[in-house]
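Here's the structure we're looking at; comments come further down.
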Amino acid sequence: MYGASKILLITLQMLIKNGHKPLVVLSEDGLLSRALKKEYIEVRFIKLGIIRRKYFNFKGLINRFRTLWIAKNQLTELCIQENIDLIYSNTAAVIVGGWVARKCRLKHVFHIHEIIQSPSWFAFLIHKMIARNADHVIAVSRAVKDHLSTFIPQHKISVIYNGLDYSSLSSNQNLSKELSLRPNHLIIGMIARVHPWKGQSYFIDLAKALLKKKSALTFIMVGDAYPGNEYLYDELNAKLETLGLKSHFINLGYREDIMAILNTLDLFILPSTAPDPFPTVILEAMSCQKTVIATAQGGALEMIEHQVSGIHIPLDNAQEAAKIISPYLSDEKMRRAMGQVAQQKVNADFSLVSFEKNIMQLLTVIHEH
């Protein structure tokens, strides 16, 4: 699972802990539904008409309109049957919850994990719908709130930083033997869903620039693409082939042993080329005492302090970024010190206790008023 799904699972566990009974509606069975069932959380399946870019055409829009209409009717019936008190939508891509809330006169909360900028017509439309159909909006970072404030009154938006149980993430396991990694090589990794704005292509550019400064480097990429976007793998492989970098790269695809992967790395890079709202994987890397390198935009600016608890790099200049990263390639002491500060910061500022307190207070106030 990726960040938003992990945070949804944590939020549901908190609701149960605080005496509430969540009923989760998903479009289809998968990793998230199986994780929910393990927690004995009730799950129903209704095609929710999730908005994705592949539907930005005439046939796709007709498909979404029809699916959303059916979902609205089914969800309305479900809310009546189950005596639902509040609707919580975990992503801007699922808009039907707001329509159902208005129809059933229920409170509705949007938890926004995205910064949607393009296409501009879609960004305008989706944010207007959020503003119209949300009693309150939870933004995962100030960057998200600032973006939403163009469309939504600020008093309707609260920033609540995600938190994780870092004690449950600790592990000494690593993949050095499994991957037959050369002991004299520095291991640099990236973990993210494969998507153009997540920066896999930029990661390859960074690798090329860094290899000019130190040849004993191995790069690991982790993550898969949405179904239908598998062609992105072919593009990345073609780029590695063209640049002659394949011998320095290991592409693991989708993995669930994220902590073992992070423990294997010497440096972690998240080179998003568009503002990343609040990447959970950065929290995980910080908790593992890793030197975290991220492009200077979005939630990363709030998560790490440059050259104190992490490193910010430009989002469009691999050569300049390599200059910034270069000192950390050969100085293990500096990497270790920064990783320790990162772990201290994540425990202090992005704790599970703070997340639970803030989100439960907000949901309680919204429900009661």
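Test each condition in (1) of a type in the set (Asp, Glu); (2) within 22 Å of the chain's Cα centre (by Cα); (3) modelled with pLDDT of 95 or more for Glu77 and report the one that comes out false.
(2)
Name the one entry in Ser326, Ser247 that is assigned to a helix (DSSP H, G or I), among the hydroxyl-bearing types (Ser, Thr, Tyr) and farther than 18 Å from Tyr202 by Cβ.
Of the residues listed, the single one that is assigned to a helix (DSSP H, G or I), among the hydroxyl-bearing types (Ser, Thr, Tyr) and farther than 18 Å from Tyr202 by Cβ is Ser247.
Check Ser330 against each of (1) at pLDDT 95 or above; (2) on the phi < 0 side of the Ramachandran plot; (3) polar (S, T, N, Q); (4) out of contact with any Leu (no Cβ under 6 Å at 6 or more places or on another chain) and name the one condition it does not meet.
(1)
Give the residue that is surrounded by the fewest Cβ atoms within 10 Å (Cβ to Cβ), with candidates limited to residues of the stretch 238-251 that are in contact with a strand residue (DSSP E or B) (Cβ under 8 Å, 6 or more places away or on another chain) and free of Cβ contacts under 8 Å to residues at least 40 places away in the same chain.
Asn251
Can you tell me how many residues in the stretch 150-168 are in a loop (DSSP other than H, G, I, E, B), among the β-branched types (Val, Ile, Thr) and modelled with pLDDT of 95 or more?
Summing the residues that are in a loop (DSSP other than H, G, I, E, B), among the β-branched types (Val, Ile, Thr) and modelled with pLDDT of 95 or more in the stretch 150-168 gives 1.
Here's the yes/no breakdown for (1) at pLDDT 95 or above; (2) surrounded by 15 or more Cβ atoms within 10 Å (Cβ to Cβ); (3) among the charged types (D, E, K, R):
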{"site": "Ile269", "(1), (2), (3)": "yes, yes, no"}
{"site": "Glu305", "(1), (2), (3)": "yes, no, yes"}
{"site": "Ser309", "(1), (2), (3)": "yes, yes, no"}
{"site": "Ala318", "(1), (2), (3)": "yes, yes, no"}
{"site": "Ala322", "(1), (2), (3)": "yes, yes, no"}
{"site": "Ala348", "(1), (2), (3)": "no, no, no"}
{"site": "Asn358", "(1), (2), (3)": "yes, yes, no"}
{"site": "Val365", "(1), (2), (3)": "no, no, no"}
{"site": "Glu368", "(1), (2), (3)": "no, no, yes"}
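Please go through the stretch 43-83 and give me each residue that is out of contact with any Lys or Arg (no Cβ under 6 Å at 6 or more places or on another chain) and either outside the structural domain of Asp29 (by TED's automatic domain parsing) or on the phi > 0 side of the Ramachandran plot (or both), ordered by number.
The answer is Asn83, and nothing else.
Please work out if Leu31 is out of contact with any His (no Cβ under 7 Å at 6 or more places or on another chain) and either modelled with pLDDT of 95 or more or not assigned by TED's automatic domain parsing to the domain that holds Val140 (or both).
Values: out of contact with any His (no Cβ under 7 Å at 6 or more places or on another chain): yes; either modelled with pLDDT of 95 or more or not assigned by TED's automatic domain parsing to the domain that holds Val140 (or both): no.
Answer is no for this residue.
The values are calculated or read from the model by the stated rules, or taken from the named source; none is laboratory data. None of these values were measured; they are calculated from a predicted model. We place every Cβ from the backbone using ideal geometry, glycine too, and count neighbours over all the protein chains shown.
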